[in-house]
Amino acid sequence: MRFAAFSIIGTATLMPLLVLPAMIGVLVDNAGMSEQWAGWSASANFLASAIVGMLIALRVHHLNLRELSIWALSIAIVADLASGLTAGSTMIFFAARIVAGVMLGAAYVAVVSSFARYDGFERGFGLYVTLQFTVSGLGLYVVPVYADQMGAMGLFGGFAVLDLLALGFARFLPSAKADDKVHDKAGHDGKAESPNELKILLGLSAIMAILGFAAFEAANNAQFTYIERFGVFLGVSDQRIGFSLLIASLIGIPGAFSIVVIGQRLGTLGPLVFGITIAMLGVATLLFANSYVAYFIGSCCMGFSWAFCLPFIQSFLATIDRKGSAIAAGTSLSTLGSAIGPGLAAVVVADSAYGNVFMLSIGLFVVTLLLFIVAAKSKRKIV
């Protein structure tokens, strides 16, 4: 029940990202906002989340995560409601999204740090990512279909309702500071002594894994930004493109759930090598695609590998610090990677050169793999 509660809270805090394309559509079509301002408001929201997440990572051992999430989610409810009411007033809306980003970022870091403090966290992360991909798929279908009826107020009011739901589950988060207590395999509490957050985060293993997480998200988001446009470029119909992306999203669900079955019996590096290899094969298929079948296969490989790798990356970071500083910093920096990837893709895609985007993604996946290999070797030396 604990990990299910964590997954619900974490998914609620990520809703603006999980339904990002649909949210932008609502702001442009139903709130009269320009595409540029809609995009910038989303970027400001995610940047605020990333910054506050990194700051919390430096003090996560000393924080009461339950109390932090309760305060953050309470304020996020108000900020999301304010976003719906002020969507036509650009600057006020912009400010409301920054406040929402700070609060949701704080609650998100509190949740991912909480996973690391309990045994079986790898299965918890698997459940978490499975729920993310399920909710994202449903949201990306429901929001565009009912956008005219719900409008901006309906969308952000829905976010506020999910914040309220998350607030109801916040009681499951740990209330003890990590410096005071940890949970052993029997579920007992005991005194915990370990290096401070900064010392852990400056370790080679933590630095490489955190950078690897950012590179992984940059690689995925770079190709994801233009994968729909690439389908149009190939002459694939809108219906087939939509079907391919839907199946690619759904196939991510068993990908994410794989860790629940596998656990850590195979470690984390081996499955990561497998998952990233699948990703590179998928991008290579897109790179040389000249038919719908190749487009479909490449898209499905990407959907599976993305969801498959995420819980293993999160578990790797959790093993570096069971009190949550590494996973807190890693998830925060990965948000920046998610923002950087589309920017890099935009630089290289001039004149519909989608092959350049796929080469960029392959290069970033290679960097990801090398970073995690170094991180794994340095972690073994420490142990």
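Key figures
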| read-out | value |
| --- | --- |
| Among 352, 205, 114, residue whose mean-square fluctuation peaks in a GNM of the chain (springs only between Cα atoms under 10 Å) | 352 |
| Inter-label distance, nm, simple model (7 Å from Cα along the C-beta direction), residue 274/residue 348 | 2.8 nm |
| Taking 133, 125, 233, 296 and counting other C-beta atoms within 10 Å, the order from fewest to most | 233, 296, 133, 125 |
| Mean ellipticity per residue at 222 nm, deg cm²/dmol - from DSSP H runs of n ≥ 4 across the chain, formula -39500 (n - 2.57) | -27500 deg cm²/dmol |
| Span-like helix ranges in the chain, DSSP H, alpha carbon extent 24 angstrom or more, Kyte mean at least 0.0 | 35-57, 65-85, 90-116, 121-145, 147-169, 204-234, 269-287, 292-320, 325-348, 354-382 |
| Exposed-loop-free span, longest in the chain, where trypsin sites (Lys or Arg not before Pro) count as exposed if DSSP calls them loop and at most 10 other C-beta atoms lie within 10 Å | 1-184 |
| D (Stokes-Einstein, µm²/s), Kirkwood Cα radius, the stretch 21-115, 1.306 mPa s at 10 °C | 116 µm²/s |
| Dimensionless Rg over Rh [the stretch 2-190; C-alpha; Kirkwood] | 1.00 |
| Full-stretch length increase - residue 373, residue 71 - with 0.36 nm per residue and alpha-carbon distance subtracted | 104.9 nm |
| Percent of C-alpha pairs per 10 Å bin, the stretch 197-382, short to long | 10, 37, 33, 15, 4, 0 |
| Gain upon complete extension [residue 29, residue 85; 0.36 nm per residue less C-alpha separation] | 18.6 nm |
| Pairwise FRET efficiency - residue 266 versus residue 237, Cβ, R0 = 30 Å, nearest 0.05 | 0.15 |
| Size of electric dipole in the chain: Cβ of Lys, Arg +1 and of Asp, Glu -1, about Cα centre, debye, nearest 20 | 1160 debye |
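Readers should treat all values here as calculations from the given coordinates under stated rules, not as data from a laboratory. It should be emphasised that the depicted structure is a prediction, and the values quoted were computed from it without experimental measurement. Quick reminder, even Gly has a Cβ in these numbers, built from the backbone with ideal geometry, and neighbours come from all protein chains shown.
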